[in-house]
Amino acid sequence: SSEEKQTPAAKKILIETLAAQIAVFPLLVLLFGRVSLISPVANVLVLLATPYAMGVGFIAALLAFVSSALGRLIGGAAWIILEYQLRVIGLLAKIPFAALALGNIALAGILVVYLWIAWRIWKKSRKI
């Protein structure tokens, strides 16, 4: 039996981040007039810690029903993870030129891009 090769978590998060950013790129430019150049790095660094923050926070909440002191103790571990995430976000937000200002693009341009994306997806799905 052949084993399926696992994609490393950081690589998977980066691929998913880039795919999402490409998919919403026209909308980002329309709404904000800029696109973040640093967000893929930020997403990898922050999202790697997210399941741990959620898991530890959940365990802390459950333990708090048994003992508030135990809940606070384990909650402190969740706080450390969340503090890491906030500091990464804060640090990366201070990087100069981390976003590229593109100005406003016309709504018609966005519709053309999304129609092109939809056409490409439809065309690819017909080959399967």
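The values are calculated or read from the model by the stated rules, or taken from the named source; none is laboratory data. Note that this is a predicted model, so its numbers are computed, not measured. Cβ: placed from backbone, ideal geometry, glycine included. Neighbour counts: every protein chain shown. These accessible areas exclude ligands, DNA and RNA; they are computed on the full protein's heavy atoms, side chains included. Shrake-Rupley method; radii C 1.70, N 1.55, O 1.52, S 1.80 Å.
Across the accessible surface of the chain, with the other protein chains kept in place and a 1.4 Å probe, carbon and sulfur atoms take up 72 percent.
Long hydrophobic helices in the chain: the complete DSSP H runs spanning 18 Å or more by Cα along their own axis with mean Kyte-Doolittle hydropathy of at least 0.5 are 9-32, 50-66, 68-93, 107-127.
Using a probe of 1.4 Å on the protein chains alone, the accessible area found for Glu16 is around 100 Å². Listed by chain and number, the lysines placed with their C-alpha closer than 25 angstrom to that of Lys94 are Lys11; residues fewer than eight positions away on the same chain are left out. Given in Å, the Rg to one decimal and the Dmax to the nearest whole number for the Cα atoms of the chain are 20.3, 59.
Of the chymotrypsin sites (Phe, Trp or Tyr not before Pro) found in region 60-126, those in coil by DSSP whose Cβ has at most 10 other Cβ atoms within 10 Å are Phe97.
Dividing the alpha-carbon Rg of region 40-85 by 2.2 N^0.38 Å yields what?
1.25
With contributions of -39500 (n - 2.57) from each DSSP H run of at least four residues, the per-residue ellipticity at 222 nm computed over the chain stands at -26000 deg cm²/dmol.
Between the beta carbons of Leu37 and Leu62, assuming R0 = 30 Å, the FRET efficiency works out to 0.15 to the nearest 0.05. In this calculation the C-beta distance from Leu18 to Arg87 is compared with R0 = 35 Å, giving a FRET efficiency of 0.90.
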